[in-house]
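Please read the structure below before turning to the comments.
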Amino acid sequence: MKIKHLVVFCILAAMTFGFAQEDEKEETDAITMYMVFVDVNAFEGDVSLIFEDASGEDVWFDHFDVDLEQYDFYSTTVKDELSLPEYTVNADKVGQIYEITYVIETVEGEYSGEPEEIMIVKDMVLKEHPEKEVEETEK
């Protein structure tokens, strides 16, 4: 009888632990903002895109669920097989306005193991600059 109770207890504990983990991964609502592309930063092969929000604050994104190659924000140059690629911002993209949708998720920190929040870009759409739209309608 005791073994049967132990098995039932283990199953209940496993189920409770599983549900608790799912609750911790609760996804937040998506946030959509218009931002201006400013620059690219790369450190040890990790790429961050830097945007400016409406208040003039820099917002750095380094987690993406979109294919960055289609946006052509930067180019890469590889000097030799032993070095990491060098990233160069595409000057034509600087100053362009994007509608960016992202979510904030809590994950285990890479080095500390402590919970930390990350912003993950889910969608990015290039928007025409308002001055260009006015110029086109005046013509």
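The values are calculated or read from the model by the stated rules, or taken from the named source; none is laboratory data. Everything quoted here is computed from the prediction, not taken from an experiment. Here the Cβ positions follow ideal geometry from the backbone for every residue, glycine too, while neighbour counts run over all protein chains shown. Remember, those area values only see protein heavy atoms, side chains included, never the ligands or the DNA or RNA. Shrake-Rupley method; radii C 1.70, N 1.55, O 1.52, S 1.80 Å.
Provide the net charge surrounding Leu68, with neighbours chosen by a C-beta distance below 12 Å and charges set as Lys +1, Arg +1, Asp -1, Glu -1.
That sum, taken over residues with Cβ under 12 Å, equals -4.
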Checklist outcome for this item: Binned at 10 Å from zero, the C-alpha pair distances of segment 62-109 give percents of 17, 40, 31, 11
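Calculate the FRET efficiency for Leu126 and Ile31 from the Cβ-Cβ distance with a Förster distance of 22 Å, rounded to the nearest 0.05.
Efficiency computed from Cβ-Cβ geometry: 0.75.
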Next on the checklist: Taking 0.36 nm per residue of sequence separation and subtracting the Cα-Cα distance, how much length would be gained by fully extending the chain between Ala54 and Val94, in nm to one decimal?
Outcome noted: 12.8 nm
Next on the checklist: If I ignore ligands, DNA and RNA and count only protein heavy atoms, how much of Leu68 is accessible to a 1.4 Å probe, in Å² to the nearest 10?
Outcome noted: 20 Å²
Item to check | segment 23-127 shape via C-alpha gyration tensor axes, a/c threshold 1.5 | outcome: oblate
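How much accessible area per residue does segment 57-115 have, counting only protein heavy atoms and a probe of 1.4 Å, in square angstrom?
For segment 57-115, the per-residue accessible area is 71 Å².
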Next on the checklist: Under the rule a/c < 1.5 gives rounded, and otherwise a/b versus b/c splits prolate from oblate, where does segment 85-129 land using the Cα gyration tensor?
Outcome noted: oblate
Item to check | Cα gyration tensor of segment 34-81 - equivalent ellipsoid semi-axes, whole Å, descending | outcome: 23, 12, 10
